[in-house]
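Read the structure below first, then the notes.
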Amino acid sequence: IPLALVTGTNGKSTSVRLAAEIAKAASLNAGVTSTDFIKVGDTIIDDGDYSGPGGARLLLRDKRTEIAFLEVARGGLLRRGLPVQRANVALVTNVAGDHLGQYGINTVEEIASVKSMVSKAIQKGTDFSKGTLVLNADDALLVTESKNLNVPICWFSESENNPLIVKALSQNHPCVFVRNNKLVYSHIEQEIIATITDIPMTVNGTAKHNIQNALGVIGVTKALGISSDAVLSGLINFGSDATDNPGRGNIYEVNGVTVIVDFAHNSHSMQALVNMALNMPAKAKHVMFSHAGDRSDKDILDVANAVSKLQPSTYVLAEINRYLRGREPNEISLLVKHHLLATGIGENNIILTSNPIDGTKKIMARALSGDLVLLFVLDERDKVQALLIDK
């Protein structure tokens, strides 16, 4: 079975889902493991976090699987290692600070080393026909880590002038990059795959993080021999809705209010969504967010600082009791509230709620037609989405 491993701090689930859509366009029955479910074709085998070896085992034993895209998370790598010994291609989307202090991993450099473990499934050497590691050339940590890896690397970048892209082009090595608002794949010859604004998940080019996800997935699917026509078809048919990519940049229009629902839960991923929202016109902007209790106070306040860059009219701090993880009830919300007050945010602009459902109701009560609402939903996502659809 042609097989790809996908890891990184952010973008893993989106990448495996997009890759599966591209495989579908190539008439292949794709199997996917992720932090949300195991899926073969259009059939979900089971819901839950299956980003480790257990999910890979279930998927690869399913005889309907013709091509596999396995999400590989940090926890699974550290606890149990790689889910398979060999893969045709592996992708590392990016590296950022998250889960620091767990399993003896205390720095982002150490996270980069953990993520690069997927390279061990790629055959060493320089022969791209025997395996490819797809890496983000815009990520300085991955660029540094790559110097320790003796495997064929396909770089991707938002700029064709990135030095690693320039070098790959001069060597006729595979690479993916942006040129004049178009995604270009090059391996000996260059071909335009798609125009950014034609790809729904880029939200007319405002979702820069999804441009990077698209670039990485192009590298993966081309390394697996999928045609450019199928890649284009998959990119165009993959939407930013709860059907194609649940919990990742899902956009709703509710009584004239634009609402974005996303699972982002660290400062790196939340900043990506904030950057997208900054480029979207709105009369006023409102944000709801939460945090798990097993993160440090610094991690929690970094998230608050990322959200503050949007300069929202409303900050809704939603408690998540099932993710307190050793913290007291309201401890996280009060920590964030006091921090926001200290940075000059008015108390009337801050709302504390008991859960994401209540938070969604309160924030939608404040939002007016022409406003934008950004909901970072870490729990009860289905109920939040049902509430938005019913309005």
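The values are calculated or read from the model by the stated rules, or taken from the named source; none is laboratory data. Fair warning: this is a prediction, and the values are worked out from it, not measured in the lab. All Cβ positions, even for glycine, are placed from backbone atoms using ideal geometry, and neighbour counts span all protein chains on display. Ligands, DNA and RNA are excluded from the accessible area calculation, which covers all protein heavy atoms including side chains. Shrake-Rupley method; radii C 1.70, N 1.55, O 1.52, S 1.80 Å.
Could you figure out which of (1) open to solvent by less than 40 Å² (accessible area, probe 1.4 Å); (2) at pLDDT 95 or above; (3) in contact with a helix residue (DSSP H, G or I) (Cβ under 8 Å, 6 or more places away or on another chain) isn't true of V303?
(2)
Across segment 248-291, what is the number of residues that are without any contact (Cβ under 8 Å) to a residue 60 or more places away in the chain, among the aliphatic types (A, V, I, L, M) and either assigned to a strand (DSSP E or B) or crowded, with 21+ Cβ neighbours inside 10 Å (or both)?
Residues meeting the conditions: 1.
Tell me, which residue of segment 318-330 that is among the aliphatic types (A, V, I, L, M) and in contact (Cβ under 8 Å) with a residue 40 or more places away in the chain is surrounded by the most Cβ atoms within 10 Å (Cβ to Cβ)?
A318
Does V151 count as in contact (Cβ under 8 Å) with a residue 24 or more places away in the chain, open to solvent by 10 Å² or more (accessible area, probe 1.4 Å), hydrophobic (A, V, I, L, M, F, W, C) and touching a strand residue (DSSP E or B) at 6+ places or on another chain (Cβ under 7 Å)?
Spelling it out, V151 is indeed in contact (Cβ under 8 Å) with a residue 24 or more places away in the chain, open to solvent by 10 Å² or more (accessible area, probe 1.4 Å), hydrophobic (A, V, I, L, M, F, W, C) and touching a strand residue (DSSP E or B) at 6+ places or on another chain (Cβ under 7 Å).
Give the number of residues within segment 170-185 that are surrounded by 19 or more Cβ atoms within 10 Å (Cβ to Cβ) and farther than 16 Å from V217 by Cβ.
The total comes to 1.
Of all the residues that make up segment 2-24, how many are of a type outside the set (A, V, I, L, M), open to solvent by less than 20 Å² (accessible area, probe 1.4 Å) and over 20 Å from T202 (Cα atoms)?
The total comes to 1.
Keeping to segment 330-363, report how many residues are among the polar types (S, T, N, Q) and part of a loop (DSSP other than H, G, I, E, B).
Residues meeting the conditions: 4.
Across segment 201-247, which residue is farthest from A137 (Cα to Cα) among those that are in a loop (DSSP other than H, G, I, E, B), in contact (Cβ under 8 Å) with a residue 24 or more places away in the chain and among the hydroxyl-bearing types (S, T, Y)?
Taking the candidates together, the pick is S240.
Quick one: which helices (runs of 4 or more DSSP H) lie wholly within segment 25-119 and hold at least 1 residues that are modelled with pLDDT under 85 and open to solvent by less than 20 Å² (accessible area, probe 1.4 Å)?
Counting at least 1 such residues, we get 74-80, 108-115.
As an exercise: evaluate L334 against (1) touching a residue at least 40 places away in the same chain (Cβ under 8 Å); (2) more than 22 Å from N10 (Cβ to Cβ); (3) not polar (S, T, N, Q) and give the number of the one condition it does not meet.
(1)
In segment 120-129, which residues are in contact (Cβ under 8 Å) with a residue 12 or more places away in the chain and assigned to a helix (DSSP H, G or I)?
K120, A121, F128
Considering only segment 296-305, state which residues are out of contact with any Phe, Trp or Tyr (no Cβ under 9 Å at 6 or more places or on another chain) and either closer than 22 Å to N349 by Cβ or free of Cβ contacts under 8 Å to residues at least 60 places away in the same chain (or both).
D297, K298, I300, L301, D302, N305
Listed here are the residues, each with its yes/no results for (1) among the small types (G, A, S); (2) farther than 20 Å from M270 by Cβ.
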{"position": "S333", "(1), (2)": "yes, no"}
{"position": "E347", "(1), (2)": "no, yes"}
{"position": "T353", "(1), (2)": "no, no"}
{"position": "D358", "(1), (2)": "no, yes"}
{"position": "R366", "(1), (2)": "no, yes"}
{"position": "L372", "(1), (2)": "no, no"}
{"position": "E380", "(1), (2)": "no, no"}
{"position": "Q385", "(1), (2)": "no, no"}
{"position": "I389", "(1), (2)": "no, yes"}
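Given the criteria open to solvent by 10 Å² or more (accessible area, probe 1.4 Å) and free of Cβ contacts under 8 Å to residues at least 12 places away in the same chain, does N161 qualify?
Against the criterion (open to solvent by 10 Å² or more (accessible area, probe 1.4 Å) and free of Cβ contacts under 8 Å to residues at least 12 places away in the same chain), N161 qualifies.
Just checking, how many residues over segment 186-218 are farther than 23 Å from D127 by Cβ, touching a strand residue (DSSP E or B) at 6+ places or on another chain (Cβ under 9 Å) and either at pLDDT below 95 or open to solvent by 70 Å² or more (accessible area, probe 1.4 Å) (or both)?
2
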